[in-house]
Amino acid sequence: MTSAYLEELNPAQRQAVTHGDGPLLIVAGAGTGKTKTLACRVAYLIEQGVDPQRILLLTFTRRAAAEMLKRASQLTETNMTSKVWGGTFHAVANRLLRIYGQAVQLPTDFTIMDTDDASDMMNLIRTEMGFGKADRRFVRKATLVKIYSHTVNAQEKLKTIVERHFPWCAEDVEAMASIFKEYTERKTASHTLDYDDLLLYWQLLCDSPSVADRFEHILVDEYQDTNLVQADILQGMRKKYNNISVVGDDAQSIYSFRGATVRNILDFPSAYPGTSVITLEQNYRSTTPILHAANAVMRQAKERYTKDLRSDRQSGQKPSLFYCDDEASQTDLVCQSIVSNLEEGIPLMQQAVLFRTGHHSADLEIELARRNIPFHKFGGLKFIEAAHIKDMLALLRILENPNDEISWFRVLNLLDGIGPGWARRIMNNLGVRASEKKNSDEGGNSPLVRLIHSCPNVPARAQEEVESLRTVLTNCYRMTRSSAEKSTATKDLNVASQLEQLGVFYQPIIKRIYDNSPARVRDLEQLEQIAKRYRSRGRFITDLTLDPPTSTADLAQAPYLEEDWVTLSTIHSAKGCEWTSVQILHAADGMIPSDMAVGDEAGIDEERRLLYVAMTRAKDELNIYFPLRYYHRRHRMGDAHTFVQPSRYLTAEVRALLDEKVPGNARGNESKEALDDVLPSQSIGERLNRLWSD
């Protein structure tokens, strides 16, 4: 019998879903229903008798995995999809390492650092080594983490990565190598892993047949966003079974700054001989004129999978290209368009303004606020990066892993009268970094137990808060010990209760060191509500670290239905989204493409794909803006302005598919005849020659 859902697929989708054994590459253009296709393939494999526990679905967000498995469950008559292994690369790595970690000498009680934690540890090491005290400015901690991660994910030498991507840091390569070596040793000593470690340890596990042969079928979403380590992991997991299905679009590979490489998807057929390649070109999102323009942008790429998106959604409205005098004119036009769309029945929530870099929307944000047009900007501070949330998680991490050095350092520095120097002395006294004292509670070897049993030497000013810290950690520690003695299954049952007790200790500190303390306290209350869903403190910490809410606003209740706002977003953050109306700012060379990305052909190609991604977010209306000049404020030199060229991607072929508009009195609005009337007939050369003659 043919499943009903197969009849709803177009021929290419059906061919992909019903593919048999062997490697499969699904080249899925924007808006072609890749999520539906992948969900149907999961359902189809289960219907064909594949054990769902032998299916691995890898995505780049937990929400994407949950959505696909939910759809697959709705397509089958059983609840077998709940047994499918689904999640991000990092989440699956964490799950495997909890089971098989001892095979690679990794204790199962390891904790995970996020990017901000890694930055703090880098900064601590940098300071201790004296690099921050040099006469010249040393590499910032955030840049250190980027360089480290890029080196690991690209699997290239540090010197090569710095020369290619961070040339301004070339003088500090040897110093960075020393920092990275110490960073690696400290993570090992404290049973702490960063995001990159999760992948590296999984890579090692691939040498174990128990892991490499665990899954009969592997399905991967957004394959164009994988890095070399992830590609190597997939190769290692296919030593026995060659059933791997990947979905991706080379035209949407825009994350090279994270270590992703478009080569993975372009070279997939050669990496997996016998690959079947199926292309999805039927677009269900955008109108035909929008797709024609987007296709024309991508036809300029030298190396790509040949595909031309097509749509049954016909329209007589071409995408528009607006030539503006300057950024102020651009802002005015965008605001006019937003209001006009609203009057025509397009809610603000169905409108988006996209830009290459976060600061490109600064002028627009001011004007939207002045006109009382609500907006929400994406690409800002993540929830897990909020200082008060990180403080609470550091307290929990100490309870979970008493050798977590960076968490001890963060917590101790919160206390009144304790700075980095005192924090380091206290940590040494507690034996936080002692590799022979590995998280054992026996004989008082754990730094946490040492603190509970005796108060270390601290400044008099810090005495009260140190005693409060000892009390709250003692209560939480005994709470979990008591649960463990009653039943191993109920250990850490009171995660929310622990947060509540920690909050009593921490709230006075919030009021002392942070602005807007009432809002931060409310965030902590919401954090407790989330914790009530967890039976395990470790699982709670891991989930928040691997898949955190986007912002502190994500912890709040859902907005009222009548709330409405325009979306402002970087193009990178907009990938995977869609809106009825999309407006793209600053389509000028130096903006798109960014002047920081035009050093080689690879960078220019990725910037082209970035514009393609932005264009294909639009369903019905697409407006592109090109300001002819930019004003700059120069310290001590006064203001100046610069004339620019349109984006190199807006070729004559592309512009022919756009409705070019020159509103207001933008440069070029006057006809040639009108200009002839005002231009001097006398040549400039003749006028200048008069100055040199007698």
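Summary table below
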read-out	value
Stretch gain in nm, segment residue 328-residue 453, where the contour uses 0.36 nm per residue and the Cα spacing is subtracted	38.6 nm
Percent antiparallel among DSSP beta bridges (both partners in the chain, rounded to 5)	10 percent
Interatomic Cα distance distribution for the chain, bins of 20 angstrom, percent	15, 44, 33, 7, 1, 0
Length added when fully stretched, residue 95-residue 629, from 0.36 nm per residue minus Cα-Cα	187.0 nm
Over the chain: helical MRE at 222 nm, DSSP H runs n ≥ 4 each giving -39500 (n - 2.57), nearest 500	-14000 deg cm²/dmol
Listed residues 215, 246, 256: farthest to the positive end of the dipole of the range 158-312 (Cβ charges)	246
Accessible area per residue in Å² at 1.4 Å probe, computed on the range 110-173	51 Å²
Difference of contour (0.36 nm per residue) and Cα-Cα distance, residue 79 to residue 155	23.3 nm
Spacing of the two label points (7 Å from each Cα toward its C-beta) at residue 475 and residue 7, in nm	6.3 nm
Portion, in percent, of the accessible area of the range 277-367 that falls on carbon or sulfur, probe 1.4 Å	49 percent
For the range 63-204: Kirkwood Rh in Å [reciprocal of mean 1/r, alpha carbons]	17.3 Å
Charge dipole magnitude, Cβ of K and R +1, D and E -1 - the range 1-52, Cα centre, debye nearest 20	220 debye
Amide H contacts under 5 Å for residue 566, placed H, 5+ residues apart	375, 376
Distance between the range 204-272 and the range 35-91 - C-alpha centres, whole angstrom	17 Å
Dipole of the chain, positive direction: furthest Cα of 237, 30, 184, with charges on the beta-carbon	184
Solvent-accessible heavy-atom area per residue, rounded to whole Å², over the range 1-93 at 1.4 Å	43 Å²
Estimated FRET transfer efficiency when R0 is 60 angstrom, pair residue 208-residue 662 (beta carbons, to 0.05)	0.40
Angle in degrees between helix 115-128 and the longest Cα principal axis of the chain, rounded to the nearest 10	70 degrees
Rounded FRET efficiency, nearest 0.05, which uses the C-beta distance separating residue 70 from residue 425 and R0 of 41 Å	0.20
Using alpha-carbon coordinates, inclination of helix 173-189 to the longest axis of the chain, degrees	40 degrees
The chain: angle of helix 89-100 to the longest principal axis, Cα-based, in degrees nearest 10	20 degrees
Residue 313 paired with residue 648, simple spin-label distance in nm, labels 7 Å along Cα-to-beta-carbon	3.2 nm
Low-density loop cleavage sites - trypsin sites (Lys or Arg not before Pro) in the range 266-334, where at most 14 other Cβ are within 10 Å (DSSP)	299, 302
Dipole of the chain, positive direction: furthest Cα of 108, 358, 93, with charges on the beta-carbon	108
Subset of 70/377; 141/377; 181/532; 181/302; 34/181; 36/240 violating a 32 Å alpha-carbon distance limit	181/532; 181/302; 34/181
Nearest-20 debye value, the range 182-275 charge dipole, Cβ charges on Lys, Arg, Asp, Glu	260 debye
Dipole magnitude (debye, nearest 20) for the chain, charges at Cβ of Lys, Arg, Asp, Glu	1700 debye
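The values are calculated or read from the model by the stated rules, or taken from the named source; none is laboratory data. These numbers come from a predicted model, not from an experiment. Using ideal geometry, Cβ is built from the backbone for each residue, glycine included, and neighbour counts are taken over all protein chains shown. Only protein heavy atoms, including side chains, enter the accessible area calculation; ligands, DNA and RNA are left aside. Shrake-Rupley method; radii C 1.70, N 1.55, O 1.52, S 1.80 Å.
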